[in-house]
Structures are given as structure tokens and as C-alpha cells.
1. Taking the solvent-accessible surface of protein heavy atoms with a 1.4 Å probe, what is the per residue accessible area of segment 173-237 in Å²?
2. Under 17 Å from a point 7 Å along the Cα-to-Cβ line of residue 305: which residues of segment 1-23 have their amide N that close?
3. Keeping the other protein chains in place, figure out the carbon and sulfur percent of the accessible area of segment 54-102, with a 1.4 Å probe.
4. When you take every Cα atom in the chain, what is the radius of gyration, and what is Dmax, the widest Cα pair distance, in Å?
5. Rounded, prolate or oblate for segment 1-84? Axes are the square roots of the Cα gyration tensor eigenvalues, ordered a ≥ b ≥ c, and the cut-off for rounded is a/c under 1.5.
6. Using the Kirkwood radius over Cα pairs, work out the Stokes-Einstein diffusion coefficient for segment 247-357 at 37 °C and 0.692 mPa s, in µm²/s as a whole number.
7. Hand me the GluC sites (Glu not before Pro) from segment 208-299 located in a DSSP loop with no more than 16 other Cβ atoms within 10 Å, in residue order please.
8. Add +1 for every Lys or Arg and -1 for every Asp or Glu among the other residues with Cβ under 11 Å from the Cβ of residue 171, and state the total.
Amino acid sequence: MSKVHVFNAGPCILPEAAIDNAIAALKDFKGTGVSVLSISHRTKEWEETMNECRSLWKELLHIPDTHEVVFLGGGASLQFLYVAMNFLEKKAAYLDTGVWAHKALKEAQGIGDAYAIACSKDKNYTYIPKGFEIPSDIDYLHITTNNTIYGTEIHEDLDVPCPLIADMSSDIMSRPVDVSKYDLIYGGSQKNVGPAGVIFAIIRKDALGRVTRYIPTMLDYRTHVDKESMFNTPPVFAIYVMNETLKWVKSIGGVEAIYEINKKKAQLLYDEIDRNSMFIGTAEKEDRSLMNVCFVMAPGKEDLQDEFMAFAKSRNMVGIKGHRSVGGFRASIYNACPIEDVQALVDCMKEFEDLKK
């Protein structure tokens, strides 16, 4: 079978080493004779894996001792509620940069006083707002660092006069992050660091316990910090694959090395979009995402969209259809997407242009 080039927005493509090791562990986890799907989370073998995964997070992102890492189920959308339950006391501000940022805001508004401090909906979320005033008396500012649907990204850690919380579901581990600037970083694993089924949360420990409301046990981050992510049965298999994925990240030089690779992949594809007469990028150039490259047919070429989609499919391109809410095309080039696949997409775009000249 010829090679398939996978650009799905999620679940993401995973490193071959992580997949191969997971296949082996499905049959025998660490020589126990038990499948990783059946292993007890109370065995020493599993506790070793959980500790290794947590240690890799801390090593790869240089997480300071002020913060702890926990692994939970429920998806990043449930974290929208966690955030408000644990940090919203009086008032919180949200940077509304896309669908998921807006949903996070809506969830917080069900808990307390939360508002959009700035919003880019006026241009269909194709840019990151800048120059907005951030008051110092809010409980926190919430940002979504990468917007998968619209292809925009906040490329630097913000300096703000208040606690900072970030949903980094789709760009975590893709670039260096100064974790010390955040009270909380959270996200789903299924973009860059593993399969669907587990979320990560990097929490400043002394930021917890400040709200006066009752927090249900399962929604209280302190529960999971105190019990080292094993208050209840964790998503064992998803964490195992996450651990194998992080081992791969470390093996290729860590986050700093993969950041350089990611920049090269994105530049390769954006350069072709800008050069090719058939296509045009949708995000403002200074805010273009390194993870999700969004583009449409150029003006006057719109009637060729379905034809290009079929052409790309014939060249084994998978997952480049844009989100149903915006249309067009989207190539998600997460960490494990090899640059050879990006080159194959670029070649496909060039070939299509040549056919239509």
C-alpha cells in the first residue's frame, strides 16, 4: 500500500515508535504477562509509568517545582468548567479568538462574572487581538494559544498583571513555554502528545484553594494533585501512549529541537500557499499557526475546491478538509507529522496548479 499522508486535526498522527510500543504493550505490559488494557493502576509497574510520564512533562517543558502535572479524563471541554470552578471568585477575562475560546468563556459565565476582554470574531477569527487593556483586579485572564479551526496562534508567552490560564490543547510541546508565567496550562492530548482520552493540566500549586465556593470533589484540582492523578482509575492506555510519545520527543532533542522542525514545516507549506495561484491563506500572516495551516481557493478559483479535494485524495492526502464551520482546507502538521508529508502536500498543490494553467 502506498504511503498515506495524514493531516487530521485530531486525533493526531503519532510517532511510529509510540505506536509500535503500544502494540507490544497491548499483549504484554512490562513483562507482566498482562495487557496494558488490563493492568491494575495500583501495580508498581503502572506507578512507574505514571511517574515517568509526569517526569517527562517536567523535563521537556522545564516545569518549575512551583507547579504540578496531573492527568484527567473528560476532554479539554470539561476543563472549561474546571477552570471556572477552581479559579473564578469575582471576575475573569477571556480572550475570544475562536470557537473553543468562546466555549470556554460561555462555560465560565455559567459559574460567575466572565467577559471577553477582546475578540476577533469581526474578521471570522482570522487574527489575534492586540493592544487591549488588561485590568489587574481580575481573577485570571484565559487564552487559547492555538485556534485549530481558524489557523491562528499566540506565539509568545504573554506578560500580564494578573494570573494567566491557557488552553494549549493543540500547540503544547510544539514550542518552548515559560511555564512560570501561568497559573494553569491545560489541554487535550490528542493533538501533539498522545491519543484521545486523557487531558493534561500543569497547575501552580499555591493558586489552588483561593475560591470560597464549594467545589465538587472530582472538579477540584486539589483532589488530583493530592492523589497524583489516581483518585479514581486513570485512562491507563492513553497515558501509556502519551508516555511513549514524550519519550520520542526527548529522543529527537526535546521541545527546543521539535520547535525548529515545526517552523520549517510550516514555512514550507505557507510559502507554497503564498506562491501558488490556486490558493490563498486565511489567517493574518503574523498570527499564522505552526500547527494548523488553513487556506482556501484563490478568488475566481472557488469552483475548483471539490476538484482539488478529489485530486489531493488521489495523492493519498488525508484530513485536509477545513472545519465544517469555515470550509476550505486545513493541514494539521503536529509534532509527529514528518516534513516529507508536508513536502508531498506542497508537490500535490504544485501539480494541481500545473494542470489548471
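The values are calculated or read from the model by the stated rules, or taken from the named source; none is laboratory data. In this text, all values refer to a predicted model and were calculated from it rather than measured experimentally. Every residue, glycine among them, receives a Cβ derived from its backbone with ideal geometry; neighbour counts consider all protein chains shown. Only protein heavy atoms, including side chains, enter the accessible area calculation; ligands, DNA and RNA are left aside. Shrake-Rupley method; radii C 1.70, N 1.55, O 1.52, S 1.80 Å.
1. Per residue, segment 173-237 has an accessible area of 39 Å².
2. Flagged as within label range: none.
3. Carbon with sulfur: 58 percent of the solvent-accessible area.
4. 20.9, 66
5. Cα axes put segment 1-84 in the oblate bin.
6. Answer, rounded: 225 µm²/s.
7. Qualifying residues, ordered by number: 228, 284.
8. My count for the surroundings of residue 171 gives 0.
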